[in-house]
Each structure stands twice: as structure tokens, then as C-alpha cells.
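**Q** Below is the structure I would like to discuss, written out as C-alpha cells.
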Amino acid sequence: MQSPSSKFHVRLTPGRMQNWRRLISWPLLIAFFSLVWITYDGRPLLLFDFEQRRLLVFASHFSWQDLPILTGFLIAAAALLFFMAMGWGRIWCGFACPQSCWTWIFLRIENWLEGSAKQRAQADQYPLTGQFLLRRLTKHLLWIAVALATSLTFTGYFIPIRELLAELVQLQASPAVWIWVGSMALLTYLNAGLVREQICLHACPYSRFQGVMMDADTRKVSYDFVRGEPRGRGSRKKSQKDKGSCVDCDLCVQVCPTGIDIRKGSQAACIDCGACIDACDQVMDKTGQARGLIRFASEAEIQGKFSPFWRPRLVGYGLVCLLALMAAGYGLSSKKELVAEIRRERGQLYRILGNDQLCNFYHIKLEAFHPRLQTAEVRLVDQPDFSLQGPQQLRLDNRGDWVAYRICTDNLQASGGSMLLEFHADSVVLSKKTSFISQNRAY
Ligand code: SF4
Ligand code: SF4
């Protein structure tokens, strides 16, 4: 029997769960590798360029003021994860987690080049031949190629992918970029190729706390010990009627990517990938027994007790997910394309210039979050006795430099009060209030 710590070779097996895993993981993988290349209206669909302060989600610019929207989506994602854990255990880990997806890719490459788990285990016992060495070398080269492609794609979500590749090919990328790309590739190679399940067992923070989210009604991968025991090898003919359904073939252990025996009961190392379900279903077919000796079932169900799926906590997670999505959706629909900040100059309330002008000093920063907004006009509204002094037109870019302005009046006895500034950019009009302070009145 394999222990989680010893070296073991995972046996690949076809089946319903394998098909589900493909159905879920392939679209995610295709999305990961392709979204980074897609642009809309000249802008990347997804970009988290912190250095240039460009945050693009579905080609729409986000600013720091939109952080609550992104927080809403993050809360919805976390609630969905809790909902899934409460409902079906670690299905995220088994079917969609990047660690699992990449491990299965690396496993398939290994299986293709070095043969089945049995052949690989046999090869481990003898000195390597020249042909096997060549296959192993090719395997590692392919793993490195996948790891590099993964690292470049991932980095492409932070630096536009075309710029990144051009910089790397022309050897103009900064040392930080080289180190980042190299480290990510190395991590992918180690995680999916060599360390694999050890990450799920010892390093994954999600696995640490999701145990508390499950209960006796969680439909996780379970062995039906009531039906399976007493286990025993051999056929299930009349003379074997005293035995349970488990023929003790160990196939469920051989296909397990974390090397555990599900028949020992629910274990923290189980990632609910369902590989043991596929393997056991095949054995049940061959021995003429009903499928489902290992299946997604709750502890209560296995013990023949009533087991409701919809529990208050599960409904609660679902509601939190829905509400967070609705709030984020509302925020998205009312997202601002133009953001302005006005700061009064520190240290002085007002100043008299040239003995005949009473002035207040400000700094204004404008940020636009749509490429059609190129320039903005700044206006002081409904204050005929006051003038706004500073650039009338401002060039807009995402960096939003602070620009100095002053509001002045010839009336040295003018009262202080509220001032309304308007920013006109394309069809967008943004109004912002500030205060004017004088010796007669201060705000
Ligand atoms: S695959 Fe099924 S029959 Fe074989 S050992 Fe596992 S539980 Fe028993
Ligand atoms: S016990 Fe079954 S479901 Fe759990 S990790 Fe192993 S193969 Fe996957």
C-alpha cells in the first residue's frame, strides 16, 4: 500500500469523473491561456498593471475608487468557495484548482512518454536504459516548456503580453521581470511536476480551514463501508455472499493523486477528485455489481440516515454570494469614468496678491478611466466675481498629476463660501465642491 510520503506513481483512469474534470478544467485552462491575448478597442481585456496604475477588467478601467466593486467580486468568489465546500467538500481542489489542473497535465505528459504507472514503477527498479533516459529527458523538457508558457501567460496579466514578449526577446526586460518569470516557471515545474500532492497536503491554506466548513451532510467522495465490508478478494458468486462489495483490488488507491485509501474514511488529504469513483465503478462493472460503492455521498447518507442537502449555513453562503454579486454589479453599472480630487494648499487659508487680489490656492488631480476621454476643461460655475486661474484644458491620463490652480477675486472684502468646479470631458460632466476662505468668512 502506498503511503502519502513514499514515492508512488498515479495510475490514470477514464470515467465519468474524469470527463467532468475535463469539462471543467479545459475551459478554465483555455481561458487562462487565451484571455491574456485578447484586446478590445485597443485595450487588454484583463490587466493588473500596478506599476502604471492600470487596472483593466473586461477592458474597463478601474481606479482605486472602484476597489469596493472588486472587493464585492472577491467576497462573492469566497462565498461561492465556501458554498461548494459545504455542499460537496473539496470539489474545487479536485476539479478546478490550478494545482490539480497543472498536475493532471504533467501527469498526462509523464504517462505519454514514460508509460503507465506500472511501467514507471518497474523502470524505477532497474538502471535506466538509453531509450528511457531519452524519454525522461523529453518529459522534463516538455514540463519546462509548459511551466514557461504558464509563467509568461501569468506575467502577461500584469504586464501587457505583447510588450512583455518583445522586451524579453530583445533582452530589454528589467532584471526584476526576468527573475519573476524564471521564479514562476520554476514554481510551476516544481509544484506540478515534482512536489504535486504535497502542496495539497501541507502547503494549501484552503485545505487547512475547509474542514470546519463541512458537516455530516456534505456530499464528499465517500466509501460505502456498509455495502463494501467485509471486503475480500475474488468474485462475488454464490459462495461469496457473506462478503461485501469491495473486492480489495486496491485500484482506488492506485489512481489516487494524493496516495490515500478512501476506505479508511474521510481524510484531510482527499481532494475529492473522484478518480477513485471512476476506478471503483469499473471494478463494479466487471464484477457485475451496482456502481457507486465509492460515490459523492454524505456520512449520514452512508449510514442510512436522513441527510438534507439545503442547510441554513449552505443557504447563508449562497445568499452572501448572490448579495455580493448584486452589490458589485450595481457598483459596476454606476462606475465613474472621470474622477477628480481637489486639495487646498496646506499652510495658508488665503493670500493677497499684488495688494488687489484675494486668492485661495488648490491642487487638482483628474483621472480618466476610458480612452475616449483625452482632455478635460475645468470651469468655475456661477461665480462672476471670482476667476479660476490655471490651465483651462487638462490632458487626461491614468497617472493623474496634481496641477496647481487658484481662485481669485478683486474684492478684498469678499465673503468666503462654497465654490463649484465642473470638469467637462467628452460627454462626461463631473462637479466637485471646494471652499473659498476669506477674512470675512472661513469654511
Ligand atoms: S476500487 Fe472499489 S472494489 Fe477495489 S478496493 Fe477500492 S473500493 Fe474496493
Ligand atoms: S481518495 Fe479519491 S477523491 Fe480523494 S483524492 Fe484520492 S482519488 Fe481523489
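Where a number appears in this text, it was derived from the coordinates with a stated rule and is not lab data. What you are looking at is a predicted structure, and each value in this text was computed from that prediction instead of being measured. So basically every Cβ, Gly included, is an ideal-geometry build from the backbone, and we count neighbours across all protein chains shown.
**Q** Mean 1/r over all different Cα pairs, inverted: what Kirkwood radius does the stretch 48-136 give, in Å?
**A** This gives a value of 17.5 Å.
**Q** Would you mind telling me which residue in Leu396, Leu171, Leu325 has the biggest mean-square fluctuation in a Gaussian network model of the chain, where springs connect alpha carbons within a distance under 10 angstrom?
**A** In the Gaussian network model the winner is Leu171.
**Q** Once you have all Cα-Cα distances for the stretch 325-396, histogram them in 5 Å bins from zero and send the whole-percent values.
**A** Result returned by the calculation: 3, 11, 16, 18, 16, 12, 9, 7, 4, 2, 1, 0.
**Q** Gain in length, Ala149 to Gln348, computed as 0.36 nm per residue apart minus the alpha-carbon separation, to one decimal in nm?
**A** Extra length available between Ala149 and Gln348 comes to 66.0 nm.
**Q** So, one more: Tell me, what is the Rg over Rh of the stretch 291-346, with Rh the Kirkwood radius over Cα pairs?
**A** Rg/Rh: 1.45.
**Q** For Cys204, Cys256, what's the fewest-to-most ordering of other Cβ within 10 Å of each Cβ?
**A** Cys204, Cys256
**Q** In Å, what is the Rg of the alpha-carbon atoms in the stretch 1-104, and how long is Dmax?
**A** 18.4, 57
**Q** Collect residues whose amide H, placed 1.01 Å from N in the peptide plane, falls under 5 Å from the amide H of Arg54; neighbours closer than 5 in sequence don't count.
**A** Amide H neighbours of Arg54: Asp49.
**Q** Would you mind estimating how fast the stretch 338-436 diffuses translationally, via Stokes-Einstein at 37 °C and 0.692 mPa s with the Kirkwood radius over Cα pairs, in µm²/s?
**A** Calculated translational D: 234 µm²/s.
**Q** Between Arg162 and Gln374, what is the FRET efficiency for a Förster distance of 35 Å, r being their Cβ-Cβ separation, to the nearest 0.05?
**A** Result of the calculation: an efficiency of 0.95.
**Q** Just the Kirkwood number for the stretch 144-230, please: inverse of mean 1/r across all distinct Cα pairs, in Å, one decimal. It would help to have the intermediate numbers written out before the result.
**A** Numbers: mean 1/r = 0.0611 Å⁻¹.
About 16.4 Å for the stretch 144-230.
**Q** Say R0 is 60 Å: what FRET efficiency, to the nearest 0.05, do Gln65 and Asp356 get from their beta-carbon distance?
**A** Between Gln65 and Asp356 the formula returns 0.90.
**Q** Scanning the chain for helices, which whole DSSP H stretches are 15 Å or more long along the axis (Cα) and average -1.0 or more by Kyte-Doolittle? Don't jump to the answer; show the numbers that get you there.
**A** Values: long enough: 16-35 (28 Å, 0.40); 67-88 (31 Å, 2.05); 98-114 (23 Å, -0.14); 130-155 (37 Å, 0.84); 175-188 (20 Å, 1.48); 275-286 (17 Å, 0.11); 312-333 (31 Å, 1.36).
Taking the DSSP H segments of the chain (at least 15 Å long, mean hydropathy at least -1.0), we get 16-35, 67-88, 98-114, 130-155, 175-188, 275-286, 312-333.
**Q** How long, wide and thick is the stretch 59-204, going by the Cα atoms along their three principal axes, in whole angstroms, largest first?
**A** Computed over the stretch 59-204, the largest-to-smallest principal extents equal 63, 50, 24 Å.
**Q** Compute the label zone of Ser387 within the stretch 425-441: residues whose backbone N is under 20 Å from the point 7 Å along Cα-to-Cβ.
**A** Answer for this model: 436-438.
**Q** Tell me which of His370, Val429, Val146 sits at the most positive position along the dipole axis of the chain, charges placed on C-beta atoms (Lys, Arg +1; Asp, Glu -1).
**A** Val146
**Q** Rounded, prolate or oblate: which fits the stretch 185-282, taking a ≥ b ≥ c as square roots of the Cα gyration tensor eigenvalues, rounded meaning a/c under 1.5, else prolate when a/b beats b/c?
**A** Because a/c hits 1.5 or more and a/b fails to exceed b/c, the stretch 185-282 counts as oblate.
**Q** Here's something else I'd like to know. Arranged by the count of other C-beta atoms within 10 angstrom, fewest first, what order do Tyr126, Tyr40 take? Could you put the intermediate results ahead of the total?
**A** Working: Tyr126 8, Tyr40 11.
Final ranking by Cβ density, sparse to dense: Tyr126, Tyr40.
**Q** While we're looking at this one, here's another question. With all pairs of different alpha carbon atoms counted, what Kirkwood hydrodynamic radius in Å does the stretch 240-362 show?
**A** Result for the stretch 240-362, one decimal place: 21.4 Å.
**Q** Something else now. By how many nm would the segment from Val169 to Thr39 grow when fully extended, if each residue of separation counts as 0.36 nm and the alpha-carbon distance is taken off?
**A** Working it through step by step, the gained length comes to 44.7 nm.
**Q** Tell me, what ³J(HN,Hα) does each residue in the stretch 406-421 have, in order and in whole Hz, if you take phi through Karplus 6.51 cos²θ - 1.76 cosθ + 1.60 with θ = phi - 60° and put x for Gly and Pro?
**A** Karplus values, whole Hz, x for Gly and Pro: 9, 10, 10, 9, 7, 7, 5, 9, 4, 7, x, x, 8, 10, 10, 10.
**Q** Using a 10 Å cut-off on Cβ atoms, rank the peptides 160-166, 269-275 from the highest mean neighbour count down.
**A** So the order, starting with the most tightly packed, is 269-275, 160-166.
**Q** Evaluate the relative contact order of the stretch 220-302 (contact order divided by residue number), counting alpha-carbon pairs under 8 angstrom at least 6 apart; express in whole percent. Don't skip to the answer; put the middle values down first.
**A** Working: 120 pairs, mean separation 31.5, N = 83.
Taking the mean separation of contacting Cα pairs over the length of the stretch 220-302, I get 38 percent.
**Q** Just Lys305, Lys336, Lys220 to compare: in a GNM of the chain, with alpha carbon springs under 10 Å, which one fluctuates most?
**A** Judging by the Gaussian network model, the answer is Lys305.
**Q** Along the positive direction of the dipole of the chain (beta-carbon charges: Lys, Arg +1; Asp, Glu -1; about the Cα centre), which of Leu187, Gln131, Ile271 reaches farthest?
**A** Selected residue: Gln131.
**Q** Let me ask you something else. Set the bar at 20 Å for Cα to Cα. Now go through Lys220/Lys243; Lys365/Lys433; Lys243/Lys264; Lys118/Lys243; Lys118/Lys264 and name every pair that lies beyond it.
**A** Result: Lys220/Lys243; Lys118/Lys243; Lys118/Lys264 exceed 20 Å.
**Q** Right, here's the next one. Once R0 is set to 45 Å, what does the formula 1/(1 + (r/R0)^6) return for the Cβ-Cβ distance between Tyr126 and Ala77, expressed as a FRET efficiency to the nearest 0.05? Display every interim value, and only then the final one.
**A** Working: r = 48 Å, r/R0 = 1.08.
That gives a FRET efficiency of 0.40.
**Q** Right, here's the next one. Starting from the Kirkwood Rh over alpha-carbon pairs, what translational D in µm² s⁻¹ does the chain have by Stokes-Einstein at 37 °C and 0.692 mPa s? Can you show the working numbers first?
**A** Numbers: Rh = 27.2 Å.
Estimated via Stokes-Einstein, D reaches 121 µm²/s.
**Q** How do Ile75, Ile262, Ile91 rank when sorted from fewest to most other Cβ atoms within 10 Å of their own Cβ?
**A** By the 10 Å Cβ count, ascending: Ile75, Ile262, Ile91.
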